[in-house]
């Protein structure tokens, strides 16, 4: 099974993905952004400027890698990635589904006010602001209201644990017993967030 966790920047995709990974035996988190960083690092600046999702190679490479992993890996593949362009959606998620792969696509949804509140806590906001994420909020909300409207989870008043439980329930998956203390979970989640600040 492939679980694609979509949502606006700041919606909690990464936190949910790694918490699901921690609680779900035989699972792996695949981050499509890494393909974008690889392309940027290995091509002239003019080639990879702007949003790397606009580069057709990014979409093709992610499709190929996800297909390869899904064919060789028996566990659950978890993918946290904002995807709001319907064409790009079809070239990745739609194509994977057309291949017969079991893809569950969830949108973590929250109001603009709530997303902006969450973004304030990101390190990049503290050090001058994450303008790309902030500038993308309206575009993301519009896409999830009108263009890509699959399974939504309203996260406005949900904790990470509740979001993960909701995803697992909808997918028919059983989470392992959580042996971490409340403080242990907090430290783990902070470390996840810090590791993934771009």
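In this structure, does residue 93 turn out to be touching a strand residue (DSSP E or B) at 6+ places or on another chain (Cβ under 7 Å), assigned to a strand (DSSP E or B) and buried (at least 22 other Cβ atoms within 10 Å of the Cβ)? Steps first, please.
Values: touching a strand residue (DSSP E or B) at 6+ places or on another chain (Cβ under 7 Å): yes; assigned to a strand (DSSP E or B): no; buried (at least 22 other Cβ atoms within 10 Å of the Cβ): yes.
So residue 93 fails the test.
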Where residues in segment 147-164 are crowded, with 17+ Cβ neighbours inside 10 Å and without any contact (Cβ under 8 Å) to a residue 60 or more places away in the chain, which of them is farthest from residue 113 (Cα to Cα)? 153
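Inspect all residues belonging to segment 127-136 and state whether any of them is part of a helix (DSSP H, G or I), modelled with pLDDT under 90 and surrounded by 15 or more Cβ atoms within 10 Å (Cβ to Cβ). Explain how you work it out, then say what you get.
Our first condition is that a residue be part of a helix (DSSP H, G or I); within segment 127-136, this holds for 131-135.
Retained after the next criterion (residues that are modelled with pLDDT under 90): 131-135.
If we keep only those that are surrounded by 15 or more Cβ atoms within 10 Å (Cβ to Cβ) too, we end up with 133-134.
Yes, because at least one residue in segment 127-136 is part of a helix (DSSP H, G or I), modelled with pLDDT under 90 and surrounded by 15 or more Cβ atoms within 10 Å (Cβ to Cβ).
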Filter segment 161-185 down to residues that are under 15 Å from residue 22 (Cβ atoms) and assigned to a loop (DSSP other than H, G, I, E, B), then give me how many there are. 9
All conditions in (1) touching a helix residue (DSSP H, G or I) at 6+ places or on another chain (Cβ under 9 Å); (2) assigned to a loop (DSSP other than H, G, I, E, B); (3) over 24 Å from residue 2 (Cα atoms) are true of residue 115 except (2)
Against the definition (in contact with a helix residue (DSSP H, G or I) (Cβ under 7 Å, 6 or more places away or on another chain) and either at pLDDT 95 or above or on the phi > 0 side of the Ramachandran plot (or both)), how does residue 93 come out, yes or no? no
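Could you check segment 1-84 for helices (runs of 4 or more DSSP H) lying wholly inside it with 3 or more residues that are closer than 24 Å to residue 142 by Cα?
Working: elements: 13-23, 33-41, 56-72.
Where helices (runs of 4 or more DSSP H) fall fully within segment 1-84 and carry at least 3 residues being closer than 24 Å to residue 142 by Cα, they are 13-23, 56-72.
The values are calculated or read from the model by the stated rules, or taken from the named source; none is laboratory data. Values in this document were obtained by computation on a predicted structure and should not be read as measured data. Note: ideal-geometry Cβ built from the backbone for every residue, glycine included; neighbour counts use all protein chains shown.
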